[in-house]
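All of the numbers you see were taken from the coordinates with simple rules; none came from a lab. If you're wondering where the values come from, they're calculated on a predicted model, not measured in any experiment. All Cβ positions, even for glycine, are placed from backbone atoms using ideal geometry, and neighbour counts span all protein chains on display.
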Amino acid sequence: MSAALRPLLIVVVLVLALAPFGLPPFAMTLLTEALILGLFAMSLDLMFGYTRLVSFGHAAAYGLGAYASGWLLLHTGMPLLFAVFGAALLTGVVAIGIGWMCTLATGVSFSMLTLAFAQLLYAISFKWTSVTGGSDGLAGIPRTPGPFGFAALTSKIGFYYLVLACLVGAFLLCFALVRSPFGAVLRGIRENEAKTIALGYNTRLYKIAVVAVAYALGGLAGALYAPFAGFANTELLFWLLSGQVLIMVIVGGSGTLVGPILGAAFFMLMEHQLSSWTEAWALYFGLIFIAFVLFAPQGIWGLATGRLQMGRLRRASGP
Amino acid sequence: MHRAPDVALLDLDGVTRRYGALVALDQVAMRVEEGEVRAVIGPNGAGKTTLFNVITGTVKPTAGLIRFADQAITGLPSHQICRLGISRTFQITALFPEMSARENARLAAQARHPRRWQPFAGARIFKEAQALADAALEQLGLSGIADRPAGLLSHGDQRLLEVAMAMAQQPRVLLLDEPTQGLSVEETAQAVDTLARFLQASRMTVLLVEHDMEVVFRLAHRITVLHRGAVIADGAPDEVKADARVQDAYLGGLD
């Protein structure tokens with residue numbers, strides 16, 4: 001991201017911070033969900049966009065985070081903030097194990113292993129009824145108010161600000177990460193892993209680390225979703241969601257962090273609009289997805305920034 | 001201070017690598033002294049690249065011992081061997097095409113930085129790695145094109161960039177696998193000029209695999225000849241040139 005885009009992003013964050021004063025409650029609900037999904041898609045971008053680790057099972061992170069925070073809120077009386085961050089941390093720790101196993105393979109086999117682990121968790125969510133509620137899931141998840149005056153976060157608007165703060169914080173973390181020496185190695189793995197190994201990097205450690213961070217942030221998104229929706233169910237671990245989040249990343253523009261957030265918002269908007277016209281909305285969204293892959297592989301953010309840069313060039317070279 | 005002449009920096013003893021019935025390396029013994037430019041030559045399939053792979057740990061030897069700076073490195077994982085000070089280039093150009101030449105070399109240097117895992121040392125790591133990278137690019141005459149994406153450089157510059165990346169790691173031994181592979185005659189002449197100048201100035205210890213005999217005789221102090229995985233000659237360029245077995249091997253008469 002060039003320095004010229006920084007003011008733009010600050011403006012966007014300010015607009016989002018002011019949104020509750022202008023938008024009706026219904027729109028706030030949609031916006032909150034879009035930000036949660038945006039966080040989820042951005043977390044996958046660390047793996048998919050920056051490291052070329054294609055995960056077919058990122059729903060594992062989302063679902064695990066959702067079930068963990070839901071369970072903590074339902075059964076331990078833990079305050080909202082602790083439950084959410086505790087669940088994200090737990091997801092990250094579990095992901096070290098998942099990452100360790102999946103990185104035994106590369107390429108398509110890696111992707112299949114991520115899918116396998118997600119499906120494993122999906123199966124567990126059905127069978128481990130005493131904890132997960134089986135096919136009913138966890139319902140009636142409360143937003144338990146916490147100490148230190150964090151009670152304000154449990155209201156509808158307060159929760160929106162919690163989500164926004166998590167998204168902005170996670171974005172800054174990812175941004176620092178991809179521009180650090182660690183991020184340079186990730187790009188090396190993306191462009192030529194064999195060469196990265198030959199330079200003396202233990203690439204597997206880097207891959208496990210990025211999987212852990214991506215899952216922890218994906219888990220954070222899920223951990224926010226459970227108290228947002230008030231429930232957690234098996235769909236949050238289903239492969240369909242893994243596919244949808246990949247689509248959000250690609251349509252938004254992979255390897256940009258901002259793009260996948262836009263992709264998630266675009267996906268939600270399309271789902272909302274198209275499904276009010278037709279039941280076969282997924283078919284039409286599929287066509288849109290194909291069009292993006294064929295004609296705009298750089299995604300929404302790539303198109304937008306490309307246009308900006310062209311404009312600046314034209315102005316610079318103009319009369 | 002000179003090292004005792006019998007102490008080699010890189011010392012191979014009885015190194016063998018079999019693939020089923022095929023013997024890719026057959027009891028290879030070889031000693032490379034510090035500051036020496038050693039060429040390994042031989043017909044196609046003689047085991048030259050396998051030799052590199054065995055030294056750098058990407059392929060484990062079936063038998064034999066490899067010592068580097070008085071330390072056994074046989075069977076160590078390749079990133080550890082690399083960290084001890086052995087850097088290599090590849091027969092087929094291997095770069096990060098979307099990164100600039102500077103970023104390529106910086107990533108190479110970063111691999112040796114003692115603080116590379118520290119979370120808040122980023123700016124310092126980048127700065128120090130970039131200094132090493134820029135020095136290496138300068139040595140190979142690439143400063144002028146350092147900001148271009150590596151994938152857009154001419155083939156000759158890409159080959160030199162690989163050498164610069166290896167040098168940015170401040171290795172003790174540099175392994176060059178056919179540095180002029182795929183270059184046109186003019187490109188080869190230019191690249192060899194640059195390499196010759198660089199080798200003379202840096203006094204690097206180099207192990208060089210090369211097909212082009214002119215390049216070999218121009219750059220190497222000493223030549224080892226491999227044929228069907230075994231060393232059949234070892235000596236100064238003139239001795240090797242005159243060796244009857246070598247001539248037979250290249251004419252295909254040796255059985």
(message) Between B:Glu214 and B:Asp147, what is the label-point separation in nm under the 7 Å Cα-to-beta-carbon projection?
(response) 3.6
(message) I'm checking a number: the convex hull volume of the Cα atoms of the stretch A:214-295, normalised per residue, in Å³. What is it?
(response) 112
(request) Binning at 5 Å from 0, report for the stretch B:1-90 what percent of all alpha-carbon pair distances ends up in each bin. (result) 3, 13, 25, 26, 20, 9, 3, 1, 0, 0
(request) Order the peptides B:217-223, B:193-199 from the highest to the lowest mean number of other Cβ atoms within 10 Å of their residues. (result) B:217-223, B:193-199
(message) Kirkwood hydrodynamic radius, computed over distinct alpha-carbon pairs, for the protein assembly as shown: how many Å, to one decimal?
(response) 26.8
(request) Could you give me the radius of gyration and the Dmax of chain A, taking only the C-alpha atoms into account and expressing both in angstrom? (result) 19.6, 72
(request) Using Cα pairs closer than 8 Å and at least 6 residues apart in sequence, work out the relative contact order for the stretch A:18-241, in percent. (result) 43
(request) Would you look at the GNM of chain A, springs on alpha carbons closer than 10 Å, and say which of A:Ser180, A:Ser254, A:Ser276 moves the most? (result) A:Ser276
(message) Pick from B:Ala166, B:Ala21, B:Ala244 the residue whose mean-square fluctuation is largest in a GNM of chain B, springs joining Cα atoms under 10 Å.
(response) B:Ala21
(message) Quick check: pseudo-label points 7 Å beyond the Cα along Cα→Cβ at B:Glu138 and B:Ala236, how many nm apart are they?
(response) 3.6
(request) Place the peptides A:20-30, B:201-211, A:225-235 in order of packing, highest mean first, counting for every residue the other Cβ atoms within 10 Å and averaging per peptide. (result) A:225-235, B:201-211, A:20-30
(request) With the Cα gyration tensor of the stretch B:94-169 in hand, give its eigenvalues times 5 under a square root as the equivalent ellipsoid semi-axes, listed largest first in whole angstrom. (result) 22, 11, 10
(request) Using only atoms on other chains, find how many Cβ atoms lie within 10 Å of each Cβ of peptide A:177-184 and report the average. (result) 6
(message) Which log10 I(q)/I(0) values does chain B give at q = 0.13, 0.14, 0.16, 0.18 Å⁻¹ under the Debye formula, counting every alpha carbon as one identical point scatterer?
(response) -0.84, -0.97, -1.23, -1.47
(message) Taking R0 as 56 Å, what FRET efficiency do you get between A:Ser130 and B:Thr62 from their Cβ-Cβ distance, rounded to the nearest 0.05?
(response) 0.55
(request) Report the residue, chosen from B:Ala94, B:Ala46, B:Ala191, that carries the largest GNM mean-square fluctuation when chain B is represented by alpha-carbon nodes joined by springs under 10 Å. (result) B:Ala94
